[in-house]
1. Looking at this structure, is residue 55 outside any helix (DSSP H, G or I) and on the phi < 0 side of the Ramachandran plot?
2. Quick check on this structure: which one of 30, 18, 36 is outside any helix (DSSP H, G or I), surrounded by 12 or more Cβ atoms within 10 Å (Cβ to Cβ) and out of contact with any strand residue (DSSP E or B) (no Cβ under 6 Å at 6 or more places or on another chain)?
3. Filter the stretch 3-15 down to residues that are without any contact (Cβ under 8 Å) to a residue 24 or more places away in the chain, within 15 Å of residue 47 (Cα to Cα) and not in a helix (DSSP H, G or I), then give me how many there are.
4. Surrounded by 11 or more Cβ atoms within 10 Å (Cβ to Cβ), at pLDDT below 95 and in a helix (DSSP H, G or I): does that describe residue 50?
């Protein structure tokens, strides 16, 4: 399992954060602005992770 998740943990965690943010919004626990901020933060983490792994391969 560890080998399967190697290099994917950030993406899985960010995806789960997006699901949690959307779910919280749909349950009226957070405002739409907070959901959008959480989604952008997760997408930023994914983007940074992709950039780091791309540069590391060079």
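1. It is false that residue 55 is outside any helix (DSSP H, G or I) and on the phi < 0 side of the Ramachandran plot.
2. So the residue among 30, 18, 36 that is outside any helix (DSSP H, G or I), surrounded by 12 or more Cβ atoms within 10 Å (Cβ to Cβ) and out of contact with any strand residue (DSSP E or B) (no Cβ under 6 Å at 6 or more places or on another chain) is 30.
3. Matching residues across the stretch 3-15 total 1.
4. In short, yes.
Conditions tested, residue by residue: (1) out of contact with any helix residue (DSSP H, G or I) (no Cβ under 8 Å at 6 or more places or on another chain); (2) at pLDDT 95 or above.
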{"position": "4", "(1), (2)": "yes, no"}
{"position": "9", "(1), (2)": "yes, no"}
{"position": "14", "(1), (2)": "no, yes"}
{"position": "17", "(1), (2)": "no, yes"}
{"position": "28", "(1), (2)": "yes, yes"}
{"position": "43", "(1), (2)": "no, yes"}
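The values are calculated or read from the model by the stated rules, or taken from the named source; none is laboratory data. Only a predicted model underlies this, so the values are computations on that prediction, with no experimental measurement involved. A quick note on method: Cβ atoms are made from the backbone with ideal geometry, for glycine too, and the neighbour counts reach across all protein chains shown.
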